[in-house]
Amino acid sequence: MLASDTGALQQAKLVLLGDMGAGKSSLVLRFVKGQFFDYQESTIGAAFLTKTMPEQNVKFEIWDTAGQERYHSLAPMYYRGAAAAVIVFDITNTESLGKAKNWVKELQRQGNPNMVMALAGNKADLADARAVTTEEAQTFADDNNLFFWETSAKTNQNVLELFTDIAQKLPRTSAQPQPSNAGITLSEPPQQRPQKSGCC
Amino acid sequence: MDTLPDAFDIIVLGTGLPESIVAGAAAKAGKRVLHLDKEEHYGSQWASLPLEEFKAWSTGNTSSPICSGPVKLLQASSADLGASQQYSIDLSPKVLFCSDELIDAVLQARAHNSLEFKLLQGSYVWSSGQLVSIPASRKDVFKTQLGLADKRALWRFLKHASDALQGQGPLKEAFDDTPLVELLKTQGLSKQLRPSMQALVSAAEGKAAFARYLASVARYGQGSGAFLALMYGCGELAQAFCRVAAVHGALTALRHPVAALLVAESTGRCTGVRLATGQAIACEGVGESKAERDRDRPSSLRGVCRAVCILDGSLHREHSSLSIVIPPGSVPGPDGNPHAIRLLQSGAAMSVAPPDRYVLYASTPWTGRDAEDALRPALSAFSN
């Protein structure tokens, strides 16, 4: 446990993929802010959210797709360098599982090979309208080495469990950036830098 | 697939760097933006592609604005190149000055959160069969293998130049009035040294270029170098601005070719586009890159010979990312090189190639010779 020895938080980029309306933003909002809205608008204006899990010593940097998935035009930069991905589908919508399967394929082809991948069957509170059985999703998850949770952003079912699970499965040592290999983050030239650090 | 909405304020065609900056700026300003690209990938002529896609592009896309001539694929050995997906090959390779205006644009658009840069590890000039390091700071001058007199002359020149840019010191007038080549001579820089100083600023000679260089050197710490390169290749830059646009509400759609621009007969103004699918979309304005629009017209642009090479070893013992300038006339052989040849190497540390493989870009102005004839002698000089 290198990270806890030094007390340094491990930063991990986390991305969510899935059909429009599967509940990606709702899951993130529930996890990060503890909020849920019945009519969550398509996300505009939020590029990143961060959430620290001190007990796991992890700081998640969570990227929003910014709606680019709508016309199957998600930029590869979105999942580059991601330590973890949550592929979300809606258990009341068979088609959304099909879309999730395509995303898993794309990540396996293009993504970071050490990426931790989770499948989330969201809207588990809508049991009456269920169209995807737990068994079917579980079998797909097992076949593709994903771990699987049925979640509800609305009732908060398994949301924390999902993200805790991801945090615990992150490869610890390899994820620590080697100083010689670390990129530089751009910043304003010193004379223009504001006194207080702004929020990003 | 969903059909697109029927009306926007602005439609931007193509996801190259200029188009993406426009899309990002318009969306940030509150315009309803539709951002279309006919290709499968982001970046238009600014894209970075995996190896197989790059090969397909280079053989099948000779009408592209940046690739109008014939393309040859040469295989020197049967060595395994590694996984195609681990490559990210730039169609328009570029390193940035740390103080480049583009860096400021990235910061202003808040696109920097999604980009990762690294400093280029070294800048060299090819001189008498050797790589001579271009010092990145006055302190660096003393680490170079120059003679004592050269070190002193160079140190003094860099100090005076830096003073002159602030309107002080003995060179403050000379810097405005004298071409750099002359200035270097009068300041006692030896023949061996002059090319390395000129190479720094040869893109646009003079005070402004030198000022940019000195500002670049200092920006991310003394002695760190003046050039930035992008992790995963230059294509990330365009993608970052596309992301800014999308985050501010722009709709992005790849694989959507436009068949025609719709123009109002009475006013001559563009009122929309018709997609290849037949759908008409209305807008107030259309943004398109000039290079893309003029692709079928005869061009007065000067041509460039280019080569992209995959290497199984670095050109430098310690560095994997570096630039090399080969000054005019320094390649042996009957034809030599009438113009400078620029090399840029990058590798796994920049996530643009598999481990132990490097991508090398070579370019020189076109003088009527085939690119292979123009560049091979220089590349051969490095191969042993």
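The values are calculated or read from the model by the stated rules, or taken from the named source; none is laboratory data. Model, not experiment: these values are computed from the prediction. Note that each Cβ is placed from the backbone with ideal geometry, even for glycine, and that neighbours are counted across all protein chains shown.
Some points to look at:
- Yes/no for A:Leu107 being part of a strand (DSSP E or B), under 17 Å from the mean Cα position of the chain (by Cα) and of a type in the set (A, V, I, L, M): no
- Filtered by the rule that a residue be farther than 20 Å from B:Ser20 by Cα and either surrounded by 17 or more Cβ atoms within 10 Å (Cβ to Cβ) or among the basic types (Lys, Arg) (or both), the stretch B:273-293 gives a lone residue, B:Arg274.
- Residue check for B:Asp80: surrounded by fewer than 15 Cβ atoms within 10 Å (Cβ to Cβ), in a loop (DSSP other than H, G, I, E, B) and among the charged types (D, E, K, R): yes
- Test: residue in the stretch B:85-92 that is modelled with pLDDT under 80 and surrounded by 15 or more Cβ atoms within 10 Å (Cβ to Cβ): no
- Qualifying residue in the stretch A:76-98 (condition: assigned to a loop (DSSP other than H, G, I, E, B) and within 8 Å of chain B (Cβ to nearest Cβ)): yes
- Candidates in the stretch B:100-110 are the residues that are at the interface with another protein chain (Cβ under 9 Å from one of its Cβ atoms) and buried (at least 19 other Cβ atoms within 10 Å of the Cβ); of these, the one that is farthest from B:Ala25 (Cα to Cα) is B:Ile103.
- A:Tyr39 being out of contact with any helix residue (DSSP H, G or I) (no Cβ under 9 Å at 6 or more places or on another chain), of a type in the set (Phe, Trp, Tyr) and more than 12 Å from chain B (Cβ to nearest Cβ): yes
Here's the yes/no breakdown for (1) closer than 15 Å to B:Ala307 by Cβ; (2) free of Cβ contacts under 8 Å to residues at least 40 places away in the same chain:
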position: B:Gly329; (1), (2): no, yes
position: B:Asp335; (1), (2): no, no
position: B:Leu344; (1), (2): yes, no
position: B:Val352; (1), (2): no, no
position: B:Arg357; (1), (2): no, no
position: B:Ser363; (1), (2): yes, no
position: B:Trp366; (1), (2): yes, no
position: B:Glu372; (1), (2): yes, no
position: B:Leu379; (1), (2): yes, no
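- Residue match in the stretch B:227-244 (condition: away from chain A (no Cβ under 14 Å), modelled with pLDDT of 90 or more and either closer than 30 Å to B:Ala378 by Cα or out of contact with any helix residue (DSSP H, G or I) (no Cβ under 8 Å at 6 or more places or on another chain) (or both)): no
- Scanning the stretch B:245-266 for residues that are more than 7 Å from chain A (Cβ to nearest Cβ), in a strand (DSSP E or B) and either surrounded by fewer than 18 Cβ atoms within 10 Å (Cβ to Cβ) or small (Gly, Ala, Ser) (or both) returns B:Ala259, B:Ala260, B:Leu261, B:Leu262, B:Val263.
- Checked against the criterion of being part of a helix (DSSP H, G or I), of a type outside the set (S, T, N, Q) and either farther than 26 Å from B:Ala381 by Cβ or more than 14 Å from chain A (Cβ to nearest Cβ) (or both), the candidates B:Lys151, B:Lys143 yield just one match: B:Lys151.
- So B:Thr3, is it modelled with pLDDT under 90, over 20 Å from the mean Cα position of the chain (by Cα) and more than 30 Å from B:Cys309 (Cα to Cα): yes
- When every residue of the stretch B:284-302 is checked against the conditions, at least one turns out to be small (Gly, Ala, Ser), more than 24 Å from the chain's Cα centre (by Cα) and not in a loop (DSSP other than H, G, I, E, B).
- Candidate set from the stretch B:111-132 (those that are assigned to a strand (DSSP E or B) and touching a His at 6+ places or on another chain (Cβ under 7 Å)); member that is nearest to the other protein chains (Cβ to nearest Cβ): B:Gly122
- Qualifying residue in the stretch A:129-138 (condition: under 17 Å from the mean Cα position of the chain (by Cα) and away from chain B (no Cβ under 14 Å)): no
- The criterion of at least 3 residues that are aromatic (Phe, Trp, Tyr) and in contact with a Pro (Cβ under 7 Å, 6 or more places away or on another chain) is met by none of the strands (runs of 3 or more DSSP E) wholly inside the stretch B:318-369.
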